[in-house]
Amino acid sequence: MIDKERFEKLLEDYPKAKTVTEGAEEFIFLPHAKVTLLDGNEAELDMLLCPHLREGKPTRLYFSKQLKTRRPRNWGPSRILEKEWHAISWNGVEASLSYSEMIAEHIGALIRE
């Protein structure tokens, strides 16, 4: 279940964010989000935050496309909301964080060397 207070705080950083549901699962959709990579380039893409346990991970951040990074990442596809999403295999982001912190931690894992 999406925590209303944490979601309202997330809107300060991602004003276009909205909650979406597939079956019994709730996600946070972040359209046209910008991610700055280590090389300084900025990628614009849709992201989907799953702030609860899914696929054996406490939280997940899915991207509408795989991003090129300096170091190869273990990307895995998932079909959610009738769309193909991509996430790296990362197990270090706890559900107790704020939603903005979750996103920052997932992106940090993605762009770390």
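The values are calculated or read from the model by the stated rules, or taken from the named source; none is laboratory data. Computed from a prediction, not measured in an experiment: that's the story for all the values here. Cβ atoms come from the backbone with ideal geometry, glycine included; neighbour counts cover every protein chain shown.
Here is how the numbers come out for the structure above:
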quantity	calculated
Segment 27-42, subset over 13 Å from the mean Cα position of the chain (by Cα) and under 23 Å from Gly92 (Cα atoms), residue surrounded by the most Cβ atoms within 10 Å (Cβ to Cβ)	Leu37
Selection count, segment 14-32, where residues are touching a Leu at 6+ places or on another chain (Cβ under 9 Å) and either on the phi > 0 side of the Ramachandran plot or modelled with pLDDT under 95 (or both)	1
Residue count, segment 30-68 (criterion: over 15 Å from Ser78 (Cα atoms) and not charged (D, E, K, R))	16
Any hit, segment 57-80, residues being modelled with pLDDT of 95 or more, closer than 13 Å to Met102 by Cα, part of a strand (DSSP E or B) and among the hydrophobic types (A, V, I, L, M, F, W, C)	yes
Residue, surrounded by the fewest Cβ atoms within 10 Å (Cβ to Cβ), within segment 59-84, restricted to residues that are closer than 14 Å to Ala109 by Cβ and of a type in the set (Ser, Thr, Tyr)	Thr69
Residue match in segment 15-26 (condition: within 17 Å of Leu110 (Cβ to Cβ) and either in contact with a Phe, Trp or Tyr (Cβ under 8 Å, 6 or more places away or on another chain) or in contact (Cβ under 8 Å) with a residue 60 or more places away in the chain (or both))	no
Where a residue in segment 31-44 is farther than 27 Å from Leu81 by Cβ and its partner, wherever it lies, is at pLDDT below 85 and surrounded by fewer than 10 Cβ atoms within 10 Å (Cβ to Cβ), with Cβ under 7 Å and at least six apart	Leu38/Glu113
Total residues in segment 81-109, condition in a loop (DSSP other than H, G, I, E, B) and charged (D, E, K, R)	2
